[in-house]
1. Whole-Hz ³J(HN,Hα) for each residue in segment 80-90, computed from phi via Karplus 6.51 cos²θ - 1.76 cosθ + 1.60 with θ = phi - 60°, x for glycine and proline: what do you get?
2. Under 5 Å between amide hydrogens, which residues at least 5 positions from MET30 or on another chain qualify, with H placed 1.01 Å from N in the peptide plane?
3. Label ASP60 and LYS24 with points 7 Å out from Cα along Cα→Cβ: what is the distance between them in nm?
4. Could you state, as a whole-number percent, how many of the C-alpha pairs of segment 38-108 are farther apart than 17 Å?
5. Once the mean 1/r over all distinct Cα pairs of segment 18-64 is inverted, what Kirkwood radius in angstroms do you read off?
Amino acid sequence: MSENEPKKPSRDNERGLALKERTKTKKPPMYKVLLHNDDYTTRDFVVMILRTVFLKSDSDAVAIMMHVHNGGVGVAGIYTREIAETKAEKTVSLAQANEFPLQCSVEPAE
Ligand code: TYC
């Protein structure tokens, strides 16, 4: 059965009273974590962030970093809101600890 499709009314309880049942299938809203380009953060640092905070493979991390470097912005990952915000905060905090101006933002993934 596809997700969010209501179940047919069931008649197996309450003397023939038809009750709609719905299993818990509603998906939470998802959020993109965006990485922004700058002229000072090193490529290696961005790749390290993508590997350790966003759990990307080495080749995906390099591809995302280059996409941001060339285009100005790119998606590091898509998560539920709290996870997206935590990853964005960790990224900026690690960048600051290393004196890089790397910036992250979080926006709804529609
Ligand atoms: N533009 C940076 C450089 O040339 C690299 C970089 C990539 C910085 C992605 C930030 O989100 C970023 N060293």
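Just so it is clear, none of the values below were taken in a lab; they were calculated from the coordinates. Because the structure is a prediction, the values reported are computed rather than measured. Neighbour counts run over all protein chains shown; Cβ positions are idealised from the backbone, glycine included.
1. 5, 4, 5, 5, 4, 5, 5, 5, 5, 5, 4
2. The list, which skips near neighbours in sequence, is ALA109.
3. In this crude label model, ASP60 to LYS24 measures out at 2.7 nm.
4. Details: 929 of 2485 pairs.
Counting every Cα pair in segment 38-108, those more than 17 Å apart make up 37 percent.
5. 13.7 Å
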